[in-house]
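Rule-based calculations on the coordinates, nothing more; no lab input. These numbers come from a predicted model, not from an experiment. Here Cβ is always computed from backbone atoms with ideal geometry, including for glycine, and neighbour counts include all displayed protein chains.
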Amino acid sequence: MNENPGYQEQMHLLQKEMMGRYYAELTAAAEGSGQKSAYMLVSGNPVELVRAFDLLPVFPEVNALQLAVKKQALPFIQKAEEMGYSIDNCAYVKADIGCFMNGRKTPFGTIPLPQLILCNYVGCNVYLQWFEHLAEYDPAPVFNLDIPFVRTDSGEPSAEDVTYVVRQLEDLVALCERITGKKLDREKLRRIVELSGQTGELWSKIKALTQRSPSPFDAYFDSVTLMAPLYCLRGTEECLRFFETAYAELLAKAEAGVGPLPEERFRVVIEGPPPWPYLRTFRDMFSKWGAVAVASTYSTVGGLWEFGFRHDPDRPMESIASHMLQWNLTNRNFLQRYEQIRRYLEEWSADALVIHSVKSCRLFSAGQGDMREYFTKELGIPTLLVESDIEDPRYFSEAQIRNRVDAFFESLEHKRAVAAQTTR
Amino acid sequence: MTEAVQESIERCRELLAAPFGDVAGALKRDHPGSKLVGCFPVYTPAELIHASGALPIGVIGGGNQIEIAHADSRFQSFVCSIVKSSLELGLTQRLEALDAMLFHSICDPARNLASVFKRNFPGIPVEYLHLPQNMGPRADGYLVAEYRRLLLALGELTGTPATDASLKRSIALYNRARGLVRALYRLRSEAPEKLSAADCYVLVRAGTLISVEEHVAMLEAALPALDARPARPKDRIRVVLEGSFCEQPPLELLERIEEAGCYLVDDDFLLGWRWFRSDVRPHGDPLRAMAGAYLHGSVYSGVKHDLREPKAKHLLDKVRELRADAVLILAAKFCEPALFDYALYRRALDAAAIPHLFLEFEEKMWIFDHVRTEVETFVESMLFA
């Protein structure tokens, strides 16, 4: 599966085991183990609070992407379209709702029904609709955790924003207490938040490793391996142990000067979520040119630890609020994303920007033409924009994307050859 | 119909047909010293702008007048037209009369558009409102703070910050304007033969392009004249239209739909400009009154996710109250909120055995034959099946 034999072997095996156990827990809950579950969303979420009540977090987005990776999404998408969902609606939602309404059985496990539908509205407006719809199809209580968008010049939430979110978190605690019949164990929450803080620290150190040349892993395609446990299992001991292993392994590779490809010829930043149904095909298009992603915006939807955020056990509620409000990609405005990418290009020493524009996720994609304009015209950064989708296999036009990728790297090579000649 | 009201309607049609830059420029010339604040759909607390001594003006896309030549390289093919045409207005120097622009959290493309505006038009300060999506007990205090933040920015822009007194005056004025619009819609539902959907539309739309004082005067004159119109009801079905709360359909489309055998007895066009079911409380703390009205007295909408009651229930209630025969979902192409809502509406309408038809439109469409045929077929199936 990997270019280098043994590449990231232990980390991958461990991840597979952990995610297998996670889905076994979901299946057990679906089959009546008695564990209650909370549906929630990936972007900047309060999973620490949910775990403090021993609620099992279920992420419809993660389920949808697993369906896409396993090439099982299309029939569910079509089921949703038969219900009236449009060809132009987000296919994550359609795959999830198609699956939800048709038995919730997937090749990786059975998805339990929720006891709580927790819409952590962090930027993505589709989230609101997705969970509004699930709440129509299921009698579980629904809670909109409304996170004010970052909208001021300072790029920081106001004191009122923080208060508003902390108070809603308190309301959520009361709701979880009703659902589980348990009082919130503040000491337990503190420990979970501490574990999240330590995990974030390791994730941040891992991300700094790709500043080295060669980069020890691909910050787009390989980050995915780390993101699944970061989201589904954050705040647990096993998640922290996994990140310790991953960091040790990746640090050793960095020290040894080993990267994901035999030779790192181009360092790129990739913006936008991956085409899950064709992940391997897409990756190969870049590997062929020796292009390695040294940073990616997608790997920050769950949190922006690499720029300094840590959960703080001394202020659990405030730090959960701060994570949701400020320290994740999706609740930040589009120009803050330009700035994030600009920093990646500079501080991670990248040669080019690749924008993968996906139809389903307009939060990511709407306006990426302007982003390209900014990076090419104002900053002079070679920028490639290709279009497909995160979930719907009908939108992946392999030949067209391959042609564009090839033309882009050919031109970069040509520029490099010309530059080498003139300096000779 | 009296000549005067026909003239008003014609004037509104001309306003709507005129280039946006000219209309905005004229509004500014007629109110020397006033700042112009562009309002992107859906809802704008126009009272706050007015009370700060500025003029709100609706920036609601380019309609079918402008060609999108630049904005389509910034926003992809799968993004709705209003986002691109509003940007195109700016890229072609048609927004130069604006002193600020206001957006709020309605959908992801509009959200990113606010940033793209900020980068491309540094001369137009952009304000972005986050209106609450959790209608629980915490929203009230938050929304008051958010309005206060907006007032601060508006005060800096105009140099004449709003006071409690100016806010109360503005609330009273907009209450009057919205009350008149509600009266127009009442007339339409009670005697749709007296006021076509297209005429009603232009009368309301004009309110987004002229001062509220002028709009009130115009509607006060028009209403009794419209009511007094002798008109004979036609054999048409009564239809509630839903789904056009942001991008606006072309006038010709509304005309074709009605000609195909419908009376549109209600719709959600320009929804944000008629956002409240009744008056905003005119006394007490004005910002609390505005926030309270948003949380407890506003209409349902595809961009407000109020989980206290299912959205579809509101639609069904409306159908029953207005004794409508059917529902027409008219969604803008690529409008995710409207397209998502359709799935819920369809389910509820089917369960209640209310006939419904789904159509998509684009503001810049110019061929209407197929829509007319579809509506005709739908109407015939109801009348003769």
(message) Per-residue Cβ counts within 10 Å, from other chains only, averaged over A:121-131: what number is that?
(response) 5
(request) Run the dipole for the stretch A:30-165 about the Cα centre, Lys and Arg Cβ at +1, Asp and Glu Cβ at -1, nothing else charged, and hand back the magnitude in debye, nearest 20. (result) 680 debye
(request) Could you tell me which of the pairs A:Lys36/A:Lys182; A:Lys205/A:Lys377; A:Lys36/A:Lys94 are separated by over 22 angstrom between their Cα atoms in the structure shown? (result) A:Lys205/A:Lys377; A:Lys36/A:Lys94
(request) When a/c is below 1.5 the answer is rounded, else prolate if a/b is larger than b/c, else oblate, so apply that to the stretch A:103-145 with a ≥ b ≥ c taken from the square roots of the Cα gyration tensor eigenvalues. (result) prolate
(request) Kindly identify the protein assembly as shown as rounded, prolate or oblate by the Cα gyration tensor criterion: order the square roots of the eigenvalues as a ≥ b ≥ c, call it rounded if a/c is under 1.5, otherwise compare a/b with b/c, prolate if a/b is larger, else oblate. (result) prolate
(request) Would you mind checking the tilt of helix B:286-296 against the longest principal axis of the Cα atoms of chain B, expressed as 0 to 90 degrees and rounded to 10? (result) 30 degrees
(message) Among A:Glu201, A:Glu61, A:Glu17, which one shows the highest mean-square fluctuation when chain A is modelled as a Gaussian network with alpha-carbon springs under 10 Å?
(response) A:Glu17
(request) Would you mind getting the Kirkwood hydrodynamic radius of chain A from its Cα pairs, rounded to one decimal in Å? (result) 22.1 Å
(request) Please sort by residue number the chymotrypsin sites (Phe, Trp or Tyr not before Pro) in the stretch B:283-366 whose DSSP state is loop and whose Cβ has at most 10 other Cβ atoms within 10 Å. (result) B:Trp366
(message) Need one word for chain B: rounded, prolate or oblate. Basis is the Cα gyration tensor (sqrt eigenvalues a ≥ b ≥ c); a/c below 1.5 gives rounded, then a/b vs b/c decides.
(response) rounded
(request) Check each of the trypsin sites (Lys or Arg not before Pro) in the stretch A:263-316 and keep only those in coil by DSSP with at most 16 other C-beta atoms within 10 angstrom; list them in order. (result) A:Arg265, A:Lys288
(request) Rounded to whole Å and ordered largest first, report the semi-axes of the equivalent ellipsoid of the stretch A:41-98 derived from its Cα gyration tensor (root of 5λ). (result) 26, 12, 9
(message) Tell me the angle of helix B:81-91 to the major Cα principal axis of chain B, expressed in degrees between 0 and 90 and rounded to the nearest ten.
(response) 40 degrees
(request) For n ≥ 4 DSSP H runs only, could you compute -39500 (n - 2.57) per run for chain B, divide by its residues and tell me the 222 nm figure to the nearest 500? (result) -16000 deg cm²/dmol
(message) Can you give me the C-alpha center-to-center distance between the stretch A:353-370 and the stretch B:165-230, rounded to a whole angstrom?
(response) 41 Å
(request) Take each complete run of DSSP H in chain A, measure how far its Cα atoms stretch along the helix's own axis, and keep only those covering 30 Å or more with mean Kyte-Doolittle hydropathy at least -0.5; list them. (result) A:9-30, A:159-180
(request) Could you check how many percent of all C-alpha pairs in the stretch B:40-146 are farther apart than 19 Å? (result) 47 percent
(request) Keeping to pairs on different chains or 8 or more places apart, tell me how many lysine pairs in chain B have Cα atoms under 14 Å apart. (result) 4
(request) Determine the sum of side-chain charges near A:Leu240: Lys and Arg each +1, Asp and Glu each -1, restricted to other residues whose C-beta is under 12 angstrom from that of A:Leu240. (result) -2
(request) Provide the packing ranking of B:152-163, A:323-334, i.e. peptides ordered by the mean count of other C-beta atoms within 10 Å per residue, highest first. (result) A:323-334, B:152-163
